[in-house]
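Written below as structure tokens is the structure these notes are about.
The values are calculated or read from the model by the stated rules, or taken from the named source; none is laboratory data. Keep in mind that this is a model prediction, so the values were computed, not measured. Positions of Cβ are generated from backbone atoms using ideal geometry, with glycine treated the same way; all protein chains shown enter the neighbour counts.
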């Protein structure tokens with residue numbers, strides 16, 4: 001919680017004023033039973049109507065002031081809660097963006113989404129209730145006990161015993177509920193993750209007739225979540241009846257003892273009414289305290305989950321890398337082996353390949369061969385556990401991770417466009433001013449200029465979220481244009497021409513070679529026709545390297561490459577000898 005407490009510094013005024021106004025409200029409420037006692041003991045017996053009207057006016061005045069004070073307290077409490085949560089959520093999002101790929105994988109996307117939304121909202125609720133009740137409830141409870149003590153010390157003993165017993169009940173319930181609330185948070189993560197998977201894969205689910213199976217799968221997870229909520233609610237619901245039982249038993253004792261004292265002229269009827277009012281005030285506040293404790297328990301669990309993210313070290317993209325040099329190559333992979341953190345087997349094992357400056361490297365292989373893992377290593381999102389991977393520009397390797405990534409233009413397998421305009425998507429991440437001529441040049445290289453010119457808004461044409469108002473091929477070409485805009489030393493096309501026809505793809509590769517002749521092109525593709533002009537092709541199979549040569553040699557000698565090629569061209573593999 002210490003890490004989160006810093007967010008209150010900007011809202012100290014609201015954090016102080018909210019509880020103070022609630023304190024004033026509590027003081028006004030504590031005066032009400034005394035005024036009623038005076039009405040019962042003095043005003044009514046003396047038939048003093050003038051004083052009765054004054055007392056009633058005073059009660060209404062206290063009520064009106066109490067409403068104003070309560071609204072003011074609610075305003076400051078809400079402002080502090082919303083402000084603190086806003087700053088915390090902003091920093092949490094920024095922190096998530098700085099986490100390494102391994103840490104994000106460990107925490108999982110669904111859990112991070114839940115922490116950014118549900119957990120932050122739970123903390124906001126807890127802060128709001130805490131600021132409104134943490135001074136008011138104790139002041140009412142202990143203030144009522146003190147006021148009762150001034151009326152009758154003997155009867156006050158029952159008040160104290162009642163409060164101690166109720167605090168004990170709340171303590172026991174909290175110990176029982178905390179583990180359940182933790183399980184509920186984890187169950188929420190699982191449901192968010194499952195929902196995310198099902199929404200992203202809805203077309204596949206429908207295509208394979210798995211809608212019913214996925215509904216049952218979701219129902220199983222939802223039942224677990226529901227049962228945990230029911231268990232928590234059942235335990236929580238015990239607090240209110242237990243509180244009423246304890247308070248009502250105490251009320252019976254107070255009335256009985258008060259009646260004895262009234263008979264013995266040790267207590268007036270008005271004072272007995274005041275004692276009963278104070279008892280009922282304690283009941284109300286203890287019920288609120290129970291609600292507060294339950295909310296704070298959930299907020300505390302959410303705070304621990306958010307702190308767990310803040311505790312993760314940010315990826316240091318400015319940390320120096322080991323400097324290496326090469327006179328002949330722009331990229332060298334020497335015996336790289338990589339295993340994902342939660343995997344049982346390596347995703348890549350003993351991979352060796354290289355590139356000469358300005359050359360074209362192709363990577364091909366079946367599903368699960370390790371192609372995307374190579375891309376993640378090339379982008380320095382992961383570091384191989386064995387072997388070495390180095391890139392070079394002007395014979396020198398980059399000094400930092402930031403510089404490494406600045407040398408690489410990546411077109412991901414899934415075309416990622418953001419809500420905005422074509423212009424805003426193309427200049428994404430650029431720190432300098434980009435001219436229209438540069439944008440059109442990038443679009444020309446990516447074979448996207450023609451369809452952009454047809455748009456009414458051209459460069460300022462609106463782009464819907466995820467590029468939904470463009471076709472798959474158009475989205476791919478726009479993301480390629482974004483990658484080639486900066487003309488970085490390395491360009492990686494991660495199966496990002498799959499939606500293009502052969503003619504458009506051929507024109508794209510020719511334009512890259514012509515306009516970006518010094519760029520090192522790395523292309524991952526499932527189509528041998530796309531890679532036939534590559535200087536070398538890396539062939540992968542189940543994480544292992546089974547070939548590294550140019551198209552003709554691989555077609556003549558590599559069985560896996562042959563099977564891929566001929567399966568696409570309708571020819572049979574010719575067995576030799």
message = Given the condition out of contact with any helix residue (DSSP H, G or I) (no Cβ under 9 Å at 6 or more places or on another chain), over 30 Å from residue 567 (Cβ atoms), outside any helix (DSSP H, G or I) and in contact (Cβ under 8 Å) with a residue 24 or more places away in the chain, answer yes or no: does some residue in region 252-275 qualify?
response = no
message = Regarding region 128-137, can at least one residue be identified that is farther than 23 Å from residue 196 by Cβ, surrounded by 21 or more Cβ atoms within 10 Å (Cβ to Cβ) and modelled with pLDDT of 85 or more?
response = yes
query = Within region 421-428, is there a residue that is touching a helix residue (DSSP H, G or I) at 6+ places or on another chain (Cβ under 8 Å), farther than 30 Å from residue 321 by Cβ and buried (at least 21 other Cβ atoms within 10 Å of the Cβ)?
reply = yes
inquiry  = Can you tell me which of (1) surrounded by 21 or more Cβ atoms within 10 Å (Cβ to Cβ); (2) farther than 29 Å from residue 398 by Cα; (3) touching a strand residue (DSSP E or B) at 6+ places or on another chain (Cβ under 9 Å) is the one residue 475 doesn't meet?
reply    = (3)
key: Residues located in region 454-471, provided they are out of contact with any helix residue (DSSP H, G or I) (no Cβ under 9 Å at 6 or more places or on another chain) and surrounded by 12 or more Cβ atoms within 10 Å (Cβ to Cβ)   = 464, 469
Residues (surrounded by 15 or more Cβ atoms within 10 Å (Cβ to Cβ) and closer than 15 Å to residue 377 by Cα) located in region 341-365 = 346, 347, 348, 349, 351, 353, 354, 363
ask   = Right, residue 545: surrounded by 19 or more Cβ atoms within 10 Å (Cβ to Cβ) and in the same structural domain as residue 333 (by TED's automatic domain parsing) or not?
value = yes
remark   = Only one of (1) touching a residue at least 40 places away in the same chain (Cβ under 8 Å); (2) over 44 Å from the mean Cα position of the chain (by Cα); (3) assigned by TED's automatic domain parsing to the domain that holds residue 376 does not apply to residue 328, and that is (1)
request  = Scan 521, 540 and give me the residue that is modelled with pLDDT of 85 or more, assigned to a strand (DSSP E or B) and more than 27 Å from residue 396 (Cβ to Cβ).
outcome  = 540
ask   = Quick one: residue 149 ticks every box in (1) in contact with a helix residue (DSSP H, G or I) (Cβ under 6 Å, 6 or more places away or on another chain); (2) touching a residue at least 12 places away in the same chain (Cβ under 8 Å) bar one, so which box is it?
value = (2)
key: Near pairs, Cβ below 8 angstrom, 6+ apart or cross-chain, from region 106-125 (without any contact (Cβ under 8 Å) to a residue 60 or more places away in the chain) to any residue that is surrounded by fewer than 16 Cβ atoms within 10 Å (Cβ to Cβ) and part of a helix (DSSP H, G or I)   = 116/93; 124/82
task = Might you check whether a residue that is over 27 Å from residue 374 (Cα atoms) and under 31 Å from the mean Cα position of the chain (by Cα) occurs anywhere in region 470-490?
result = yes
ask   = Of the residues 319, 303, which is surrounded by 18 or more Cβ atoms within 10 Å (Cβ to Cβ) and in contact (Cβ under 8 Å) with a residue 60 or more places away in the chain?
value = 303
